[in-house]
Amino acid sequence: MTEELIFANATVVLPNETITGAVKCEGDSIVDISEGAAVPAGAIDCDGDFLSPGLVELHTDNLERHIQPRPKVDWPHAAAIIAHDAELAGTGITTVFDALRIGSIRRKEANYAKYARGLASELWELRAADALKISHFLHLRAEVCSETLAEELNEFGAEDRVGLVSLMDHTPGQRQFRDVSKLEAYVKGKHGFDDEGFQRHIAELREMRAIYGDKHEAETVKAAARFGAVLASHDDTTEGQVETSAGYGIRLAEFPTTVEAARACHAHGIKVMMGAPNLIRGGSHSGNVAAQELAELELLDIVSSDYVPAALLMSAVRLGEIWGDMARGLSTVTSAPADAVRLEDRGRIEVGKRADLIRFGLRGGTPGLRGVWSRGQRVA
């Protein structure tokens with residue numbers, strides 16, 4: 001018999017409203033939604049807690065953090081993947097697009113060695129062995145300022161579940177790091193460069209942009225089409241950069257750095273995604289536009305946890321407070337990201353959708369998870 005699961009007396013987060021009601025699941029699907037506070041025999045009494053779709057995460061480098069917990073420390077990959085998977089489940093994320101950098105610099109001291117193909121293979125081996133709690137896809141972050149981007153793109157195929165490809169251009173003095181002093185602090189902290197090493201790194205990136213930039217952008221656009229993946233821009237700063245993104249067919253912008261760019265994105269029908277840490281901290285660590293400002297200007301559509309998985313649910317609740325609409329706040333981490341990457345089977349509490357669900361309560365505005373279910377199975 002198909003296993004039955006009923007959540008009752010919950011504040012159910014529907015696509016456009018919240019209701020007091022119950023959600024019935026059979027197997028891995030939602031089969032019924034009803035209103036009222038009644039608790040049938042055998043149901044889970046949510047006692048008024050929120051019942052939301054599982055969170056959909058499009059951009060997190062959390063897996064990279066697990067495989068390299070300190071500079072020059074390479075942690076066993078299987079253990080890192082399993083720990084990463086469990087951590088995300090524990091924060092309410094039931095679908096993740098694991099962000100992997102592709103495009104390397106061959107100079108040894110650059111700390112930009114190739115790793116994505118091997119790590120992806122290990123990830124899929126663990127998935128095939130049913131060792132993972134949640135649903136994984138790949139987000140390939142294509143570094144145009146690199147030597148090996150084209151050849152690394154060619155190592156991936158349609159079977160690799162590449163759902164998202166982003167064009168990354170970290171040329172110093174533009175986009176995320178218009179202020180080179182911000183780049184200096186970031187790179188020295190992450191890679192341990194001294195002053196001489198940092199200056200060499202800047203010169204190298206600028207040279208690579210001149211040599212490879214246009215070619216690598218074209219190769220990335222073609223590869224995304226070959227994978228059947230959504231193509232995203234990254235750190236658009238000017239209206240001109242957004243126009244270039246629109247010309248590539250991009251419909252998702254990761255972390256635009258200015259109000260000007262965010263407005264231009266919406267004018268071109270491009271969805272705007274911002275980082276949850278930016279929202280929770282009250283601003284960008286790189287000195288760029290604050291996510292809350294874009295939210296208040298009605299220019300924010302999707303939120304990503306970026307580098308703090310637990311921030312994703314926190315940010316959705318915060319947006320619910322800002323907008324006075326909890327269903328809308330939760331949509332930025334559920335239905336909106338699912339729609340952006342064309343996942344039609346999840347992201348909403350609707351009959352026929354996947355039984356990816358989270359239960360949480362609020363304490364002083366801070367969400368506390370009380371259960372996470374992926375395809376009807378409890379995973380946290």
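Quick look at the numbers
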| read-out | value |
| --- | --- |
| By average C-beta atoms within 10 angstrom, highest first, the peptides 245-251, 353-359 | 353-359, 245-251 |
| Segment residue 26-residue 321, length gained on full extension (0.36 nm per residue, minus Cα span) | 102.9 nm |
| Inter-label distance for residue 129 and residue 199, nm, one decimal - labels placed 7 Å from Cα along Cα-to-Cβ | 4.9 |
| Euclidean distance of C-alpha centroids, the stretch 291-323 and the stretch 120-155, integer Å | 27 |
| Options 100, 53, 205, ranked by Cα towards positive dipole end of the chain, top entry (Cβ charges) | 205 |
| Distance (nanometres) between label positions extended 7 Å along Cα→Cβ at residue 151 and residue 225 | 2.5 |
| Projected label distance in nm at residue 268 and residue 298, using a 7 Å step from Cα toward the beta-carbon | 2.2 |
| Dipole magnitude of the stretch 298-340, debye to nearest 20 (Cβ charges: Lys/Arg +1, Asp/Glu -1, about Cα centre) | 120 |
| Span from the the stretch 2-74 Cα centroid across to the the stretch 214-254 one, whole angstrom | 33 |
| Accessible surface of the stretch 224-380 [probe 1.4 Å, protein heavy atoms]: carbon and sulfur percent | 45 |
| Electrostatic dipole magnitude of the chain [Cβ: Lys, Arg +1; Asp, Glu -1; Cα centre; debye, to 20] | 520 |
| The chain: calculated mean residue ellipticity at 222 nm from DSSP helix runs of at least 4, using -39500 (n - 2.57) | -11000 deg cm²/dmol |
| Reported label for calculated volume of the Cα convex hull per residue in Å³ given (1) 145; (2) 220; (3) 131 | (3) |
| Listed residues 124, 22, 40: farthest to the positive end of the dipole of the stretch 12-150 (Cβ charges) | 124 |
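The values are calculated or read from the model by the stated rules, or taken from the named source; none is laboratory data. Just so it is clear, the structure is predicted and the values come from calculations on it, not from any experiment. As a convention, Cβ positions derive from the backbone with ideal geometry for all residues, glycine included, and neighbour counts pool all protein chains shown. Just so you know, the surface numbers come from the protein's heavy atoms only, side chains and all, with ligands and any DNA or RNA stripped out. Shrake-Rupley method; radii C 1.70, N 1.55, O 1.52, S 1.80 Å.
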